[in-house]
Every structure is written in C-alpha cells, then in structure tokens.
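Each reported figure results from applying straightforward, stated rules to the coordinates on display, with no laboratory input. Computed from a predicted structure; not experimentally measured. All Cβ positions, even for glycine, are placed from backbone atoms using ideal geometry, and neighbour counts span all protein chains on display.
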Amino acid sequence: MGSVKLQDRFGRSIDYVRLSVTDRCDLRCSYCMPKGFRGFEEPKDWLTFDEIERLLGIFVRLGTRRVRLTGGEPLLRRNLPELAQRLSALPGLQDLSLSTNATQLGKHAVALRAAGVDRINVSLDSLDRACMQQITGRDSLQPILDGLMAGKGAGFDPIKINMVAMRGVNDSQIEAMAAFCIEQQFILRLIEAMPMGSTGRNARYMPLGPVRERLAARFGLVPQAMELGGGPARYMATPDGRSSIGFITPMSQHFCATCNRVRLSVDGTLYLCLGQEEKFAFGPMLRGGATDAEIEAAIRAAIELKPQQHDFNTQPDKIIRFMAQTGG
C-alpha cells in the first residue's frame, strides 16, 4: 500500500469517513426524510460487514483516522456492535463514533461502548414533547431521553446533542436546551438547516450568529479554541470550562476550506460533498473481484473529485437527494 495520505486537489487532508450503515429510520424528521418515503436501498445492495471492513481498512491504511457510524438511524442495522468491534480493531483508526436519534440506544449502549465506540452524537431538536412530535413525526421525546441517559450510564464521554435550529419551529427553545446540556454536561451543537432535497429546503433556515450572541450573554460563554472531535463546529465554553456549545454554520459561515470528510452510503457510494453531486460507487468494485490495490487507486481518484465548496447559498435547489440518502 502507498504511504502518501489522502489529500484532495485543494490541499485538504481527508482523514474522516462518515459511514452510513442503513438509510432507514424510525423517525421522519421534517428536515431529513419525507413522510411516506419508500425509496430505500434494497438490503441486497447494502454493503456487508465483510465489505465494509475491507473498504474501511483500505481507507485507514490511506490515513483515515476517524470513522463515524451514521444512517438513517444506524441502530436499526442488526448486529451493529459486531461491526463496531471489527472497525475499532483496524490498526491506525483513532476515533470511532456514532450518530443516533437514541430511540434504540437504551438496548445497545453498553454493547456499543464495549465494542469500541468512543463517542456519540444524539439528535434532539427540542425538549418539548409536542414540538418533537411535530418535528419527528412520532411521540419520540421520552424514548430519546431514556436512550440519552443510557448512553451516559454506559460511559460515553463526551455526548454531543445535535439541535437543528429552525425559525418558528424550535428557536424559542434553544435557551432551555442549552441549560439542559450545561446541567447534564452534554455538549450542545446548534446546526443551521441545509437545503438538501425538498425536506431541507422547507426547514425554515435561520442564521446562528444572533443565537450565538444571545447564548453568550445569557450563559457567559467565552470563545474556545480547543477542537472537540473532527467536525466543523466553532465552540464557546461556560466560564467554568465544564460545558461547551458549538455552532455549525454551513450557510452563514461555511467551513469548506477545512473540510476533511467524505460520506460512504449504505450501498458503497462515496459522496465527496453534501452540497454537490460528485460521487464514486465502490459496491461494484467490491463485488466484482477488484484487488486492494485497485480499490486504493479508486479511492485516490475519487478524492480528486472532491469539489472546493458547496453551492447551498447560490443554488439551493441543486441537491435533490435528501440527508438520509447521503448519510448523516
């Protein structure tokens, strides 16, 4: 295997793979998946655990240091702790994390932690039961909170709460969420909605700059330079340094110049950018007898396709696929 690490044509080191293990979900969040959607990938087209382990092993040999398990809802994939254990054992992988809506986390938290998952991110857009029902399409708040506390009990640290801020939907509840996360010592990350598919374009985008100022004044937040994971959030800390709040601003203050990630969908399609169409299908190679050397060459060629930045601001109608199809 070559020793040169993955770097795109803009000089960015690509060391982070977000791996979707299923495009299915037990919720229907209004900004992510259309109600009544049935166009899921057939299970026969899903990468098997053996195929995932082989492909991710090559990525790790090429310098991937972080892998995040995503979906859909990844905990709907059977035997996920087994896959986590296999990936966490890859020599050179430094960080294995999981994004989840936590509805199923109570059943799997201990096994996932034992399998080598280091950190979890939990999607939680409100602490109001009716608001969560409106956003997710079901009465989901209590199962999520139960799962969240199971994750805390299993020893995941840190636990990040991802809250998509939406004007007129949950913007009045941001302070309550911040207070809850500070009390529980979770890391709150506020996210601007992106216009991915019809769901994303209808998500009532709001810029986070004014929210940042409001929370800084309310909780005495100070800028924090320390990186918390491999993501694009810009963090502020509480005065005692025990809690942090991050702001992910792909629309008002994008972070494309430092993007270090690619997304691998459940069928083995590598997406090079959330906001562009460049992609590369690894499924046919994995099932067509390709050698590791050929797959390595294909990975390097695919990384060359990574665009300089998204066009969400200038072409909000460009991306037809929605978030769950790409992988979170």
- prompt: Can you give the convex hull volume per residue for the Cα atoms of region 1-53, as a whole number of Å³?
  reply: 160 Å³
task: Round to the nearest 10 and give me the degree value, 0 to 90, for the angle of helix 292-303's Cα axis relative to the longest principal axis of the chain.
output: 50 degrees
Inter-probe distance in nm under a simple model that places probes 7 Å from Cα toward Cβ, at Arg214 and Glu82: 4.7 nm
Percentage relative contact order, region 7-104, counting C-alpha pairs under 8 Å, at least six apart: 37 percent
statement: Simple spin-label estimate for Glu51/Ala111, 7 Å along Cα→Cβ, in nm, reads 2.3 nm
- request: As a check on your grasp of the helix formula, calculate [θ] at 222 nm for the chain: sum -39500 (n - 2.57) over DSSP H runs of n ≥ 4, divide by the residue count, round to the nearest 500.
  value: -9000 deg cm²/dmol
- prompt: Under the Karplus relation 6.51 cos²θ - 1.76 cosθ + 1.60, θ = phi - 60°, what is the ordered set of whole-Hz ³J(HN,Hα) values for region 81-97, x standing for Gly and Pro?
  reply: x, 4, 4, 4, 5, 5, 6, 5, 7, 5, x, x, 6, 9, 8, 10, 10
- line: Scoring the chain by relative contact order with C-alpha pairs under 8 Å, at least six apart, yields a percentage of 22 percent
- request: Choose one of Met132, Ile303, Gly116: the residue whose Cα lies farthest towards the positive end of the charge dipole of the chain (beta-carbon charges +1 Lys, Arg; -1 Asp, Glu; about the Cα centre).
  value: Met132
query: Magnitude of the Cβ-charge dipole of the chain, K/R +1 and D/E -1, about the Cα centre, nearest 20 debye?
result: 220 debye
field: J(HN,Hα) series, region 255-267, from Karplus relation 6.51 cos²θ - 1.76 cosθ + 1.60, nearest Hz, glycine and proline x
entry: 10, 4, 5, 10, 4, 10, 10, 9, 10, 10, 7, 5, 9
query: In nm, to one decimal, how far is the modelled label at Val222 from the one at Asp240, with both set 7 Å along Cα→Cβ?
result: 1.5 nm
query: Cβ under 9 Å from Val67's Cβ, Val67 left aside: what net charge do those residues give with Lys, Arg +1 and Asp, Glu -1?
result: +3
Part-to-part distance (alpha-carbon centres) for region 172-188 and region 74-94, which is given in Å: 30 Å
- prompt: In degrees, nearest 10, range 0 to 90: what is the angle between the Cα axis of helix 49-61 and the longest Cα principal axis of the chain?
  reply: 90 degrees
- request: Please name which of Ala165, Leu93, Leu272 has its Cα lying farthest along the dipole of the chain towards the positive end, using unit charges on Cβ (Lys, Arg +1; Asp, Glu -1) and the Cα centre as origin.
  value: Ala165
- request: Taking the chain as the reference, fit the longest principal axis to its C-alpha atoms, fit the long axis of helix 209-219 to the helix C-alpha atoms, and give the angle between the two in degrees, 0 to 90, nearest 10.
  value: 60 degrees
query: Per residue, what volume in Å³ does the convex hull of the Cα atoms of the chain enclose?
result: 125 Å³
task: Using only C-alpha positions, report the orientation-averaged shadow area of the convex hull of region 51-94, nm², one decimal.
output: 3.0 nm²
